[in-house]
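Student: Submitted below is the structure of interest, expressed as structure tokens.
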Amino acid sequence: MRAALTILILPVAAFAAGAVVLGSAEADGKGSVVQVLVGRDADLVVVTGGHDRGFRPGAVCTVSRDGQPFGTVVIAESVRSRSVALILSLDPLAASSSPRIQPGDVVSTRANPRI
């Protein structure tokens, strides 16, 4: 009986621990740009928020400034409270002051994750 109880408790405990690591119900899917890493072939964006905000690798997100969306990124790596995203596209006409992603811009997950 004790072995059967242990077998039932272990998956529940593992699931509960995973829920803490992967995020919570409070995850709002929003973070702000901390830094832009300019590369030779591609630029990356460091975002506040990771699993705690609902960012997962492969998630397609919108970048906005002053409430106006102007770019698209895809989350490449995500840990508990930080993510790194690859810039997919920018709309230079939609950005209010600069067509480049800057610290302070808002990154939010899309309701429909298709590109």
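Student: Can you run phi through the Karplus equation (6.51, -1.76, 1.60; θ = phi - 60°) for region 31-40 and list ³J(HN,Hα) in whole Hz, with x for Gly and Pro?
Tutor: x, 10, 6, 9, 7, 10, 9, 8, x, 5
Student: What does a probe at D91 reach in region 54-76, counting residues whose amide N is under 20 Å from the point 7 Å along Cα→Cβ?
Tutor: 60-75
Student: Hey, rough spin-label estimate for R110 and V60, points 7 angstrom out along Cα→Cβ, what's it come to in nanometres?
Tutor: 0.3
Student: Shifting gears a bit: Would you mind checking which residues have amide H under 5 Å from S32's amide H? H placed 1.01 Å from N; only 5 or more apart, or other chain.
Tutor: Excluding prolines and chain starts, which carry no amide H, the hits are T48, V107.
Student: What residues have an amide H closer than 5 Å to that of F55, excluding those fewer than 5 places away on the same chain, when H is modeled at 1.01 Å from N in the peptide plane?
Tutor: Counting only residues 5 or more places away or on other chains, the set is G50.
Here, each number is a calculation from the coordinates, and none is a lab measurement. Everything quoted here is computed from the prediction, not taken from an experiment. Backbone-built Cβ (ideal geometry, glycine too); neighbour counts: all protein chains shown.
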